[in-house]
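Have a look at the structure below, then the notes.
The values are calculated or read from the model by the stated rules, or taken from the named source; none is laboratory data. Because the structure is predicted, anything quoted here is derived from the model rather than measured. Neighbour counts run over all protein chains shown; Cβ positions are idealised from the backbone, glycine included.
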Amino acid sequence: MDLGTDQVHNAYMQIQYYLETCETPSSRAMCGLIASRSGRNALSVRKLFQRALRLVVWAFLISLLANSAAMAANELVPKRVKLASGVVYTLFSQGNLAFDFVVVRPSPMRSDILLCIPAAFTTAHNQVDGVFISNGAIGNGSAVNKDLGGAIIIENGKCRLFPSDKGAALSEEVLQGVQQSHGSLFQQFLIVHECKPASFKDKSKFQRRAICQTTKGTFGIIESDRPISFATFNDDLVALGIKEALYADMGAWGEGWYRNATTDKIIKIGLDRSLTYKQSNWLLLKKPKFVEEPRRAFPIRLHLRDTPGSVSRH
C-alpha cells in the first residue's frame, strides 16, 4: 500500500483525536488502574498515557512514510518533457531499480522486470554486435567491434558508461574482471561523453533511445517520441543535463516494454516493431535484490575519447 502525504496526515489527525480525548473505555480503565496503584492523580496518569501513545504514533507514521518512499523508488513512472527542438522525450529513471543485460528474451510475465529494451546492435546473422558479457558469461570474446565507440559495464545492478578507445579499453584484463564479478557488458555508440554530443556522418532519422547518466550521477533511459537525427538527439540529451549517453538499438529492432506502476499492465514502446523477432539481446530494469559489492581487484583505465562518426546504423 502506497500512502500519499494527505492520507498520512488524515490518519494522524484521526489518531490524534483519540489521544487527546482518551475517552475509550479501555483507556479510562487503564489510567484509573495505574492511578490507584501508583497513588498518582488520574489526570496526570492520563497525560503520561497520551505522551506515550504519541511516541508510538509518530514512530508508526515515520515508518509508514519511509516504506511509502521506498516503494515509490522501486516503481517505474515515466516522465515526459518537451524541448526547444519540439521533440517530446520520455524519461525512465533508474531510481532504486537494478540494471541487467540478458541474451535470452525475458518474459513479460516476470513481475520483477519493470522495463525491457533492445540494447546492443543485432547483426545480419541475428547475433550480438561486438563483444558482450551477460552475468559473467562471455560471448564474441575475440570480436571486439572497433567501430563502436562506447561500452557499458553492469555490476550488481549499477552501470558505468565509458568510451572504448577503438577497443583498447576492452582489454582481456577488463573482460576477465567483468566475468569474475558476474557482471555484464556490451558495446554501442557513445553519443554523449563528458557533456559533449558526438558527431555522426549518418543523417538519417529514426526514433532514438539511450542509456544515460546525468550530471548529478543518476541513470535512466531516454526515448524520443518521433524519428529524429543523431544530431538533434545528441544535442537534446546535453540540454537535458546528460553527461554520458550510450545508444540503444532502434529502427525496426526498437520494440520494448515497461510495466505500468498503477495497473501492472505491459505498455509497449518503440514506433517500428517489424523486426522484434530478430532481437538478440535486452537491457532490463528490475526490482532490486540484495547483492554483494563487486569483486573487482583492478581499475579500468580509460584513455582517449572515441567518436564513431564513420558508421551508419539505426
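A few notes on this one:
- Residue-level analysis places PHE162 among those that are within 19 Å of the chain's Cα centre (by Cα), in contact (Cβ under 8 Å) with a residue 40 or more places away in the chain and farther than 23 Å from ILE269 by Cα.
- Of all positions in the range 102-111, at least one carries a residue that is within 27 Å of ARG226 (Cα to Cα) and basic (Lys, Arg).
- Those residues of the range 129-173 which are of a type in the set (A, V, I, L, M) and crowded, with 19+ Cβ neighbours inside 10 Å, in sequence order: VAL131, ILE133, VAL144, LEU148, ALA151, ILE152, ILE153, ILE154, LEU161, ALA169, LEU170
- Selection within the range 182-196: residues that are among the hydrophobic types (A, V, I, L, M, F, W, C) and crowded, with 24+ Cβ neighbours inside 10 Å. The member of this set that is nearest to GLY241 (Cα to Cα) is VAL192.
- Filtered residue count, the range 98-120, keeping only those that are in a loop (DSSP other than H, G, I, E, B) and either without any contact (Cβ under 8 Å) to a residue 40 or more places away in the chain or in contact with a Lys or Arg (Cβ under 6 Å, 6 or more places away or on another chain) (or both): 5
- Of all residues in the range 197-212, those being surrounded by 20 or more Cβ atoms within 10 Å (Cβ to Cβ) and part of a strand (DSSP E or B) number 7.
- Exactly one residue out of ILE242, ILE267 is at pLDDT 95 or above, within 20 Å of SER93 (Cβ to Cβ), of a type in the set (A, V, I, L, M) and surrounded by fewer than 15 Cβ atoms within 10 Å (Cβ to Cβ), and it is ILE267.
- Qualifying residue in the range 250-264 (condition: in the same structural domain as ALA84 (by TED's automatic domain parsing), among the small types (Gly, Ala, Ser), surrounded by 14 or more Cβ atoms within 10 Å (Cβ to Cβ) and under 21 Å from VAL77 (Cβ atoms)): yes
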